[in-house]
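> Got a structure here, written out as structure tokens. Questions coming.
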Amino acid sequence: MIPALMPTYNRADLAFEHGQGAVLWTVDGRRFLDFGAGIATSSIGHGHPHLTKVIAEQAAKVMHVSNLYRVPQAERLAQRLVDSSFADSVFFCNSGAEANEGMIKAVRKYHAENGHPERFRMICFEGAFHGRTLATLSATGNEKYLAGFGPPVEGFDHVPFGNMNALRDAIGPGTAGIMIEPIQGEGGVRPASLDYLRALRAAADEFGLLLALDEVQTGMGRSGKLWAHQWAGIEPDVMSSAKGIGGGFPLGAILAKEKVAQYLKPGTHGTTYGGNPLACAAGNAVLDVILAPGFLEQVDRVARHLWRGLLDLAKRHPQVIEDVRGAGLLVGIKLREGIVNTDAQAAGVNEGLLSVAAGQNVLRLAPPLIITEAEADEALGLLDRVMRRLTPSAANIAAK
């Protein structure tokens, strides 16, 4: 018999009752160091006093009114995001998939309004993950995710990640934009090189394309800067954000330059829940923390400390770890063939560490941005025990 809660996830047998900072406790009292953060979403940790206070106070006033009326919390959050980014205007929604879907629409609308409705195709990348709607699944291009849902949505051309020649070859008269994650999260924590991001910006300018960045997972301080593309010194034309933007409260956003945003007029796009008072109060509270003086510098400092520890871990466990990759507090441990990332994830649970599996047999670490060096060291100690559990025995090696 099917359970009441639709079984779309293979859930671990863990139920969490409460959390504080980077730590979660289960209903039966077990303690876990959370280096998954709800898949890079609980950006300022669990039970953050400022975030929880703001949410409670706003919930007691008004949670939702719809976008038929002004929402001062949304106006304030939009202005703060504009002031902290390349963007001139912001559209709020509820999730990363919805933000990416709207971003795709914005790119197509831009070209249609400028006399080129035939330009609707997006160049996307192998290994991408942009969401679970029909259009964002098609942008993702993963056959496993697409299976059983009919023909993919037309308009998405995929090229190898990091290959500039392939990208230029894919540009045609129907190409509207380039859509890329600065770091592929679900695809194996693969960062695009900064030079590659710069080359994409140059190619977009050369061919009259829009550069659309999916910063759903990499934005909001995850890389050590507010937006990951800032490391490359470039600006996109339009960008999606979600996950950490609400600190765990559902919130997504499309940030766009005026040349793109001006065409999303009344009637062209919308949302019922998006940008409501409660969600935007949460978003403002998260920004209060992330934009505080020294916060992002602390994220970068702790991330570099963790990175050094992971490189040392790889040296000590060469039979298990093939590579360490990522940026900031989005890091992947690529495991050697024969060592399965879901086994590593399960071993971490046994040791009291939460992590997330990713593509290419990678164990993904995406802790709350508020972790300390001491908590990074604790995670490294737990990971050392995980790697010892996974190290092939001498007998198994001989048998091979």
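> With a cut-off of 8 Å between alpha carbons and a minimum separation of six or more residues, what is the relative contact order of the chain in percent?
22 percent
> Hey, what does the equivalent ellipsoid look like for the chain, semi-axes from the Cα gyration tensor as sqrt of 5 times each eigenvalue, largest first, whole Å?
Semi-axis lengths for the chain are 34, 27, 20 Å.
> Let me ask you something else. What residue among Asp214, Asp13, Asp34 has the largest mean-square fluctuation in a Gaussian network model of the chain, using Cα springs under 10 Å?
With Cα springs under 10 Å in the chain, the top fluctuation among Asp214, Asp13, Asp34 is at Asp13.
> Rounded to the nearest 0.05, what FRET efficiency is calculated for Asp323 and Ala346 with R0 set to 25 Å and r the Cβ-Cβ distance?
0.75
> Based on the alpha-carbon gyration tensor of segment 1-148, what equivalent-ellipsoid semi-axes (square roots of 5 times the eigenvalues) come out, in whole Å, largest first?
After scaling each eigenvalue by five and taking roots: 33, 26, 15 Å.
> While we're looking at this one, here's another question. List the residues of segment 288-320 whose backbone N lies under 16 Å from a point placed 7 Å from the Cα of Gln79 along the Cα-to-Cβ direction.
288
> Another one. Measure off 7 Å from each Cα along the Cα-to-Cβ vector at Asp312 and Thr52, then give the distance between these two points in nanometres to one decimal.
3.3 nm
> How many angstrom lie between the C-alpha centres of segment 87-103 and segment 28-75?
18 Å
> Here is a follow-up. About its Cα centre, what dipole magnitude does the chain give when the only charges are +1 on Lys and Arg Cβ and -1 on Asp and Glu Cβ, stated in debye to the nearest 20?
200 debye
> Right, something else. Which of Gly252, Gly267, Gly348 moves the most in a Gaussian network model of the chain with Cα springs under 10 Å?
Gly267
> Given the options Glu57, Glu373, Glu186, state which has the largest fluctuation in a GNM of the chain using a 10 Å cut-off (strictly under) for Cα springs.
Top of the fluctuation ranking is Glu57.
> Also: What nm value, rounded to one decimal, do you get for the distance between Thr26 and Ala166 when each label is placed 7 Å out toward the C-beta?
Calculated label separation equals 4.1 nm.
> Take Thr136, Thr268, Thr391, Thr175 and order them by how many other Cβ atoms sit within 10 Å, fewest up front.
Taking fewest neighbouring Cβ atoms as first place, the list is Thr268, Thr391, Thr175, Thr136.
> Compute the acute angle (0 to 90°) between the alpha-carbon long axis of helix 373-390 and the principal axis of greatest extent of the alpha-carbon atoms of the chain; round to the nearest 10°.
Value to nearest ten degrees: 60.
> How many lysine pairs does segment 50-290 hold where the Cα atoms are under 17 Å apart and the two sit 8 or more places apart or on different chains?
9
> I would also like to ask the following. For the ranges 281-290, 155-164, what's the packing order if you count other beta-carbon atoms within 10 Å of each residue, average per peptide, and put the highest first?
Highest mean packing first, the order is 281-290, 155-164.
> Please report the antiparallel percentage of DSSP beta bridges with both residues in the chain, rounded to the nearest 5.
Percentage antiparallel, nearest 5: 65.
Computed from the coordinates by the stated procedures, all read-outs in this text should not be read as laboratory data. Small disclaimer: the values here were computed from a predicted structure and weren't measured. Note that we place each Cβ from the backbone using ideal geometry, even for glycine, and neighbour counts take in every protein chain shown.
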